[in-house]
Every structure is written in structure tokens, then in C-alpha cells.
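S.K.: Sharing a structure below in C-alpha cells format, with a few things to ask.
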Amino acid sequence: MIVHANAKDINSLLSSIKTTWHKLNPNEPFEYSFLNEDFQKNYEAENRLTAIVGYFTVIAILISCLGLFGLATFSAEQRTKEIGVRKVLGASVTGIVTLLSKDFLKLVSISIVIASPVAWWVMNKWLQDFAYRTNISWTVFVITTVTALIIALITISFQAVRAAVVNPVKSLRTE
């Protein structure tokens with residue numbers, strides 16, 4: 001039974017329905033719920049899952065950026081002599097940053113190529129459980145790819161610029 005009422009009339013309407021209910025079924029308790037609350041209960045688990053996935057995504061991005069930063073630091077430290085020689089021979093800061101960054105961006109691109117089909121498959125399976133579902137657009141993967149490359153470039157470029165602006169005499173003297 002669907003009844004439309006104002007907010008003021010709900011309490012009086014509920015007491016009227018409760019009285020009628022007890023007349024018809026005196027041994028059964030009167031229990032009711034609102035349809036919008038029932039729908040909200042269905043999606044509370046999804047809201048919790050969304051929050052948890054969001055928190056773990058941020059943690060995973062931070063950990064991966066730290067790992068990428070550490071790897072870039074290690075790579076720049078290993079290539080100190082090469083960077084010094086290139087600078088002495090006239091390489092620009094941009095050229096050295098590009099040299100140090102392109103290998104890491106290749107690795108990030110490969111990981112995106114591997115992860116994108118897996119992500120599409122998992123999201124497609126998850127969305128099948130919903131009555132009203134949407135298709136995953138290719139633009140989501142383009143935005144994700146660009147965002148991942150930008151985050152990786154920012155993480156790597158900090159260390160690459162630091163390695164590129166070092167005085168080449170100092171780096172070659174310590175070798």
C-alpha cells in the first residue's frame with residue numbers, strides 16, 4: 001500500500017494505520033519502514049566500500065610515489081658520472097631530465113597497458129550486480145593514463161632536476 005502524506009500528517013497517519021492493524025491482527029506486531037530508507041540500506045554497503053577503496057587508493061598512490069622516488073634517486077646516484085660527462089659536453093638540464101625520466105615513463109606506460117584491461121574486467125564484473133548499470137567509457141582510461149603519467153613525471157622530475165643542476169666538476173671529482 002502506497003500512501004502519500006505531508007510530514008505533519010505522518011505521525012497521525014501511522015497511529016491510524018497502527019490502530020487498524022491491531023484491530024485486524026491483534027497478535028502481530030506493527031512494523032513499518034519507509035521505502036527511501038529501505039533503498040538507502042541497500043546502498044550503505046556500497047558507500048562503505050567506496051570509502052575504503054578511496055582510502056586504500058590514496059595509500060597505494062603514496063607508496064608507489066615513494067618507491068618511484070627512491071628508484072629515481074638510486075638511478076640518478078648510479079648515473080652521476082654519466083650526468084657529469086653529459087653536462088661537460090654541453091647537455092642542457094632539460095635533456096638530462098628527459099634522459100632520466102623517459103625510462104621510468106616507459107615502465108609506467110607498460111604498467112598501464114597491463115593494468116587497464118584488468119581494471120576494465122574487474123569493474124565490468126562489479127557493475128553487473130546493479131539493476132541500473134553503466135558502461136565503462138574509454139575516456140576513463142585516458143584520464144587515468146594521463147593522471148598516472150603526470151604523477152610519475154612529477155615524482156621523477158624532482159629528483160632528475162636535482163641531479164641535472166649539480167655542478168659537473170663535483171660529480172666527476174668524486175668518481
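S.K.: Test Lys125 against the stated conditions and say whether it is surrounded by fewer than 16 Cβ atoms within 10 Å (Cβ to Cβ), in contact with an Asp or Glu (Cβ under 6 Å, 6 or more places away or on another chain) and in a helix (DSSP H, G or I). Working first, answer last.
M.R.: On the way: surrounded by fewer than 16 Cβ atoms within 10 Å (Cβ to Cβ): yes; in contact with an Asp or Glu (Cβ under 6 Å, 6 or more places away or on another chain): no; in a helix (DSSP H, G or I): yes.
Criteria not met by Lys125.
S.K.: While we're here: Going by the structure shown, is Ile136 modelled with pLDDT under 90 and surrounded by 10 or more Cβ atoms within 10 Å (Cβ to Cβ)?
M.R.: Values: modelled with pLDDT under 90: yes; surrounded by 10 or more Cβ atoms within 10 Å (Cβ to Cβ): yes.
So Ile136 fits the description; yes.
S.K.: Tell me, yes or no, whether the stretch 6-20 has at least one residue that is open to solvent by 80 Å² or more (accessible area, probe 1.4 Å), modelled with pLDDT of 85 or more and either farther than 30 Å from Ile151 by Cβ or among the aromatic types (Phe, Trp, Tyr) (or both).
M.R.: As a first pass, look at the stretch 6-20 and keep what is open to solvent by 80 Å² or more (accessible area, probe 1.4 Å): 6-8, 11, 18.
Narrowing the set further to residues that are modelled with pLDDT of 85 or more leaves 18.
Still in the list and also either farther than 30 Å from Ile151 by Cβ or among the aromatic types (Phe, Trp, Tyr) (or both): 18.
Yes, there is a match, as at least one residue in the stretch 6-20 is open to solvent by 80 Å² or more (accessible area, probe 1.4 Å), modelled with pLDDT of 85 or more and either farther than 30 Å from Ile151 by Cβ or among the aromatic types (Phe, Trp, Tyr) (or both).
S.K.: Here's a follow-up. What tally of residues in the stretch 66-98 results from selecting those that are among the hydrophobic types (A, V, I, L, M, F, W, C), surrounded by 13 or more Cβ atoms within 10 Å (Cβ to Cβ) and in contact (Cβ under 8 Å) with a residue 24 or more places away in the chain? Walk me through how you get there before you give the answer.
M.R.: First pass over the stretch 66-98, keeping only residues among the hydrophobic types (A, V, I, L, M, F, W, C): 66, 68-69, 71-72, 74, 76, 83, 85, 88-89, 91, 93, 96-97.
So of that shortlist, the ones also surrounded by 13 or more Cβ atoms within 10 Å (Cβ to Cβ) come out as 68-69, 71-72, 76, 83, 85, 91, 93, 96-97.
So of that shortlist, the ones also in contact (Cβ under 8 Å) with a residue 24 or more places away in the chain come out as 68-69, 71-72, 76, 83, 85, 93, 96-97.
Adding up the residues that qualify gives 10.
S.K.: Shifting gears a bit: Determine, yes or no, whether Val166 is open to solvent by less than 80 Å² (accessible area, probe 1.4 Å) and either in a helix (DSSP H, G or I) or more than 30 Å from Asn42 (Cβ to Cβ) (or both).
M.R.: Working: open to solvent by less than 80 Å² (accessible area, probe 1.4 Å): yes; either in a helix (DSSP H, G or I) or more than 30 Å from Asn42 (Cβ to Cβ) (or both): yes.
Here the answer is yes, as Val166 does meet what is asked.
S.K.: When you scan the stretch 139-150, how many residues do you find that are open to solvent by 70 Å² or more (accessible area, probe 1.4 Å) and under 12 Å from Ala119 (Cα atoms)?
M.R.: Residues flagged as open to solvent by 70 Å² or more (accessible area, probe 1.4 Å) and under 12 Å from Ala119 (Cα atoms) within the stretch 139-150 amount to 2.
S.K.: Still on this structure: Filter the stretch 13-58 down to the residues that are among the β-branched types (Val, Ile, Thr) and over 30 Å from Trp126 (Cα atoms), then identify the one that is nearest to the chain's Cα centre (by Cα).
M.R.: Of the stretch 13-58, the ones among the β-branched types (Val, Ile, Thr) are 17, 19-20, 50, 52-53, 57-58.
Right, trim to over 30 Å from Trp126 (Cα atoms) and you get 17, 19-20.
Values: Ile17: 48, Thr19: 52, Thr20: 53 Å.
For the stretch 13-58, the residue satisfying everything is Ile17.
S.K.: Restricting attention to the stretch 76-120, report how many residues are aliphatic (A, V, I, L, M) and either more than 30 Å from the chain's Cα centre (by Cα) or part of a loop (DSSP other than H, G, I, E, B) (or both). Even if it seems obvious, please write down each step before you answer.
M.R.: If we filter the stretch 76-120 for residues that are aliphatic (A, V, I, L, M), which is where we start, we get 76, 83, 85, 88-89, 91, 93, 96-97, 99-100, 105, 107-108, 110, 112-115, 118-119.
Keeping just the survivors that are either more than 30 Å from the chain's Cα centre (by Cα) or part of a loop (DSSP other than H, G, I, E, B) (or both) gives 83, 85, 88-89, 91, 93, 96.
Of the residues in that region, 7 qualify.
The values are calculated or read from the model by the stated rules, or taken from the named source; none is laboratory data. Keep in mind that what you see is a predicted model, and the values were worked out from it rather than measured. Because the Cβ atoms are built from the backbone with ideal geometry, glycine has one as well, and the counts that use them run over all protein chains shown. Remember, those area values only see protein heavy atoms, side chains included, never the ligands or the DNA or RNA. Shrake-Rupley method; radii C 1.70, N 1.55, O 1.52, S 1.80 Å.
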